[in-house]
1. Over 16 Å from residue 142 (Cα atoms), modelled with pLDDT under 90 and assigned to a helix (DSSP H, G or I), is that true of residue 220?
2. What's the total number of residues in region 204-217 that are over 23 Å from residue 237 (Cβ atoms) and either aromatic (Phe, Trp, Tyr) or at pLDDT below 90 (or both)?
3. Go through (1) more than 10 Å from ligand 2 (Cβ to nearest atom); (2) under 12 Å from the mean Cα position of the chain (by Cα) for residue 35 and report which single condition fails.
4. Name every residue in region 54-79 that is among the hydroxyl-bearing types (Ser, Thr, Tyr) and out of contact with any His (no Cβ under 8 Å at 6 or more places or on another chain), in order of residue number.
5. Looking only at region 123-144, decide whether some residue is within 16 Å of ligand 2 (Cβ to nearest atom) and of a type in the set (Ser, Thr, Tyr).
6. Those residues that are more than 19 Å from the chain's Cα centre (by Cα), away from ligand 1 (no atom under 14 Å from the Cβ) and aliphatic (A, V, I, L, M), I need them from region 172-196; list them, please.
7. Given the options 199, 232, name the one that is surrounded by 13 or more Cβ atoms within 10 Å (Cβ to Cβ) and either assigned to a helix (DSSP H, G or I) or without any contact (Cβ under 8 Å) to a residue 24 or more places away in the chain (or both).
8. Just to verify a result, which residue in region 160-185, among those that are aliphatic (A, V, I, L, M) and without any contact (Cβ under 8 Å) to a residue 24 or more places away in the chain, is surrounded by the fewest Cβ atoms within 10 Å (Cβ to Cβ)?
Amino acid sequence: MNETSIIAVANQKGGVGKTTTVINLGASLAMNNKDILMIDFDPQANATSGFGMDSNRETDVCSLILGKHSLEEVIVKTEVEGLYLVPGSRDLAGLEIELAGAEEREFLLVEALEKSVDRFDYVLIDCPPSLGLLTINALVAATEVLITLQSEYYALEGLSHLMSTIRNIRKRWNADLSVSGVVLTMFDGRLKLSQEVALDVKEHLGSILYKTRIPRNVKLSEAPSYGMPVILYDARSKGASSYLNLAEEVLQR
Ligand SMILES: Nc1ncnc2c1ncn2[C@@H]1O[C@H](COP(=O)(O)OP(=O)(O)OP(=O)(O)O)[C@@H](O)[C@H]1O
Ligand SMILES: [Mg+2]
């Protein structure tokens, strides 16, 4: 592969596994000898704290977007070989409001990334739980969207809104944007509900649904408090192996 895949991990619903997927898919792709850049594009900055790092630095995603610093200046290395991060910033929330009326406001991330992401195989963008200007910037900059769905009764609710947003982005700004896939997270095979949701989602989405389902696994929720991806925290956990499987599918698509 010589083209960089820029994957926006999105869903306007909160708490559906976006950040967990960015961190652990990122680490798993890096384990496959790929160079990965994660961009923490959520004012909550969970992807940054998940690596035990501080957000709101002198050089963070906000200073990148505002053109104060270059990509090379804001990137930090993680403990995983080949895995890099643009640290997040709470100021992104204010920026979203400030820029609401600005010209070219949908292209801030595109401009910040242009040409300088060539050395990475994949860029993973952690989107906030909304369809506001930040997510729009991510979708305009992306080549693909990866949607996480929590295995719960309301999983599909809101998906049509997200899909119509994606169609709109294609029409107006980014004709080549594709949906690379949908991944079910927090799956509990013992629950009839989880099984039913999986069937329902498969019926609706067909082949864009990844075969890998991410199980509900306590190691995945513990790892961020130790500042590491699950592969470093507990490499033998179900959480770790499921994200390695997902990475394999992503590499094949
Ligand atoms: N497979 C899983 N098993 C167990 N816990 C999980 C799993 N995936 C995510 N979690 C936990 O669920 C919570 C929400 O996950 P996460 O932060 O990844 O969602 P999110 O979509 O990024 O949320 P937000 O929309 O607020 O950014 C976190 O506490 C996380 O540790
Ligand atoms: Mg998140």
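The values are calculated or read from the model by the stated rules, or taken from the named source; none is laboratory data. Given the structure is predicted, the values throughout are model-derived calculations rather than measurements. We place every Cβ from the backbone using ideal geometry, glycine too, and count neighbours over all the protein chains shown.
1. Values: over 16 Å from residue 142 (Cα atoms): yes; modelled with pLDDT under 90: no; assigned to a helix (DSSP H, G or I): yes.
Criteria not met by residue 220.
2. Number satisfying all stated conditions: 4.
3. (2)
4. Residues of region 54-79 among the hydroxyl-bearing types (Ser, Thr, Tyr): 55, 59, 63, 70, 78.
Those that are among the hydroxyl-bearing types (Ser, Thr, Tyr) and out of contact with any His (no Cβ under 8 Å at 6 or more places or on another chain): 55, 70, 78.
5. Looking for residues that are within 16 Å of ligand 2 (Cβ to nearest atom) and of a type in the set (Ser, Thr, Tyr), one finds at least one in region 123-144, hence yes.
6. Scanning region 172-196 gives 175, 193.
7. On the way: 199 fails: surrounded by 13 or more Cβ atoms within 10 Å (Cβ to Cβ).
It is 232.
8. Going through region 160-185, the residues aliphatic (A, V, I, L, M) turn out to be 162-163, 166, 169, 175, 177, 179, 182-184.
Retained after the next criterion (residues that are without any contact (Cβ under 8 Å) to a residue 24 or more places away in the chain): 163, 175.
Working: 163: 13, 175: 8.
Step by step, filter region 160-185, then rank; the result is 175.
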